[in-house]
Structure formats: C-alpha cells, structure tokens
Amino acid sequence: MNTGSSATRTPDDTPTTTDGSARRTAATARTAWAERPVALGRAAALWALSLSAGLVACLVNLAIWLLGAGVGLLLLPLAVGTLRRLAGTARRRAGRWTGVAIPEPYRPTPPREPGLGGRVRTCLALLGDPATWRDLVWASADPWIGGVIAGLPGALVLYGVYGALVQPFVWGPIDRAGGSNWYTVIQVDSSGAALAAVPVGLALILAGLLVGPWTLRLHARWTAVLLAPTRTARLRLRVDHLSTTRADASDAQAAELRRIERDLHDGAQARLVALGMTIDSVEKLVNNDPQAALFMLAGAREASSRALEEMRDLIRGIHPPVLADRGIADAVRALALDSMLDVEVTAELPGRPAAPVESAVYFAVSELLTNAAKHSGAERVEVRLGHRDGVLAAEVTDDGRGGADPARGTGLRGVQRRIAVFDGTLTVRSPDGGPTTILLEIPCALSSPKTSSS
C-alpha cells in the first residue's frame, strides 16, 4: 500500500479531482444525523442511571447510620458494592460514548473473613477508602446535576411532541372545561393558536436531537469531576501500575526467552544437527559412492538454507533489521506497505529513541494495524509519530466501525502491557460508529539530531 495521499490523473497527466471527498462528507453528515437519536437514547439511559444512583446513595447513608445497631455491618458492603457498580457503569459509558477515560480509583479491598471481626474489617476498609466517599457525593448530586443534564434532550423532544402532535387535539376539551392552556408563550385557545404551536413543537424536537451529543459530552465531564482519581489516588495507582508492569515485564521476558529457546531447539538447532549427521555420512560415502555423496551434499545445502532462513525469521521477530538500520519512522512505513489497508504515515522525530522503546512502539503499531485490518472494517488508517515534551507519541486512527475496548479482547491489552514496561500509556477513543483513535505515549529522550518526516 502507498503511504501518503493519492490522486487520479488523466492520460495527458493533468490532475483531476474526484467526488470521493464529497461522498465522504455526505456520508459523515448522514452518520451524524443517524447518531442523534442514538444520543437521545443514551441520554435517557444516563438519566435513569442518575435516579438509580440517588436511590443507592440513600441506601449507603442508611447503612452507615445503622452501623451502630449492627445491621449496617451486613448492609454496608452490599450497598457500597452496588454503588461502585453504578459508578463503574458511569465511567465506562463516559469512555465508550464520548472518549472521556475515567480510571477506577479504588484501593484493594482485603479478602472477606468469616465472623464479626471480618465484617468489621471489611466495613472499615470500605469507609477508609476516599473513593467511597467521592462515589457517595457523586450519587447524591448526580440526580440533581447529571440528571438535569441527561434529561434535557428527552424533555425537549417530549415537550415538542406534545406541542406538535398532541396539542392540536386536546386544546378544545381543555378550553371547554375552562382551563388555561399555554404552550411556551402561546395561549392555545383556538385552532389558529394550536396550529401556531406545531412549528414551535417541531423546533423543540429538532433542538432536543441537536443537543443530544453535546449533553453526553457535558455529562461525561461532570462525571469525571467526582469519579476520576484524585492526585493522591493517581500517585497510588501509579505505584501499583509500576509494580504490576515490572512483574509483567519479568513474565514477558521469561516467556520470550522460552519462545526463542523453543524455536531454536525445534527449528534451526534440529536442522543443524541433521546437517552434521549428513556431513558424517558424506565423509563415509565420498570414496565408495561419490554419486550418493553428491546427492546427500545437495540435501545438506538445502537444509542449511532452510536453517538460515529460520534464523533470519527469528531475528526479525526479535528486532527487525529495518528497525535497527533506519529507525522507527521507516520501520512503520515498511509496515504500512505490507498492510492490507490504505495506510498513511506521518513522522516528525528529531532523533531516535532507545532501541527497546523503538522495538516496543514498532510491535505495538504492528498489532494495531493488524487489529484494524481484522476487526474494524476500516479502509483507511493514519499513523502519526511525534515527540514533544519528552514523550514519544504514536497515534493510530482508522475509519472503521469503532467500539474498540481493551476489556473485550487480548489485542489491546497486549499492546498496553508491552508499552507499560516503559511507563507508557494507552488511550482509546472509539465511539460506536467510529472513528477509532488509539494513542500510545512513552516518556523517553531522543538521541541524534537527525529529523525524519513525511
């Protein structure tokens, strides 16, 4: 595949434009309008979640008040567990629907022990976790703030439906009953007034559909205010993350060494042993049966070629020669050329990172391109490499169907583990319908002032 933009030319080599861009623009507009009813439904789901959070907040408060009576020891773990599940749902929806990632800030809960003492220790651990209290504040405030935000699109649509479809048929009975019937600023007491309310209702329906995506983003930011980890929690999560990644690095290194040993033992080593045995046989036959010796030498030559090819494949799997010789930018361009998709690579790197970092980014981008080709239904992928403020960034964007989630597959989790060894982070923005943008960031310095760009 070509890396870069493409253009069509006439036989006289004069560039011509196509209507591909216009078609993509029209398709994007249709997709945006098709997503607005979806956004309306999601806002309704968030509104229902806000009401559920309020009820659970009451349950948690009741359990805390009943701790002195002993009943709270039984009720609190159940109530806090339910609260955390609701908060987790809010975090996941913010990430999946708007791309606002909100990590979980909870401290590890000690294993439950039998008896009264075990229940007391469990309750103390839950109440001693600051994230529990932040969840409780969120659940208490969300019905009033998050609920209003999430309920706005549905309220506009329902009020618009009433004005456009219901009002023309009910104003008469209301007026005959002596009631005062107003719709926004219109007093509906005649057929003309009822008809005047119809376009107002249609405008409100349109407004509800238009603000749906905006309210989802606003609700996600509100959710992040209370449910995202605090600075202290982030530092603690950072320590836990580093401990986990160091353990994962040791396990991955041991597994990689076992794989290399197995590949050498079952592949090249076995062929070299067979080659040595063949040469022994040739030494015995060279005087008595030269023709058989020549035949066996031909087989030995073929076996040595296969062993060499297997060794080269093994070396490419450990550290590709193009990566060692030309750096990460050209190595990723080589991946783009081999991809089944139309891949465009842009790199602005004022030097080269350390070889282990280059290798991690190379194999991570390779995995992301493979995932895009297999699972996303994408036709085009953009890869951007850059370095700013001491951080090497690789951003991979495809025009596929979206919905990528590290929790639903081993591919993204493997990429996350690979770069976590270098204290790197992976950010996924993949709303349903696409596009998917995956950002890899690794803190590192660059050597050599050489600049590579495309």
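Numbers below:
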item: Mean Cα-pair separation over length for the range 349-452, i.e. relative contact order, pairs under 8 Å, 6 or more apart, %; result: 36 percent
item: Relative contact order of the range 79-162, defined on C-alpha pairs under 8 angstrom at six or more residues apart (%); result: 25 percent
item: Val137-Asp325 pseudo-label distance in nm [points 7 Å out on the Cα-to-Cβ vector]; result: 5.9 nm
item: Computed label-point distance, nm, for sites Asp189 and Arg413 using a 7 Å Cα→Cβ extension; result: 6.8 nm
item: Between the range 161-188 and the range 91-135, the Cα center-to-center distance that results, in Å; result: 50 Å
item: Relative contact order, percent, the range 112-241 [alpha-carbon distance under 8 Å, six or more residues apart]; result: 31 percent
item: Cβ-Cβ FRET estimate between Thr230 and Lys374, R0 fixed at 35 Å, reported to 0.05; result: 0.35
item: Solvent-accessible area per residue, Å², over the range 50-170 with all protein chains present [probe radius 1.4 Å]; result: 50 Å²
item: Computed lengthening from Val391 to Ala44, 0.36 nm per intervening residue step minus Cα-Cα distance; result: 121.0 nm
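The values are calculated or read from the model by the stated rules, or taken from the named source; none is laboratory data. Treat the numbers as computed from the prediction; the structure is a model and nothing was measured. Every residue, glycine among them, receives a Cβ derived from its backbone with ideal geometry; neighbour counts consider all protein chains shown. When the accessible area is computed, the model is the full protein with side chains, heavy atoms only, and any ligands, DNA or RNA have been set aside. Shrake-Rupley method; radii C 1.70, N 1.55, O 1.52, S 1.80 Å.
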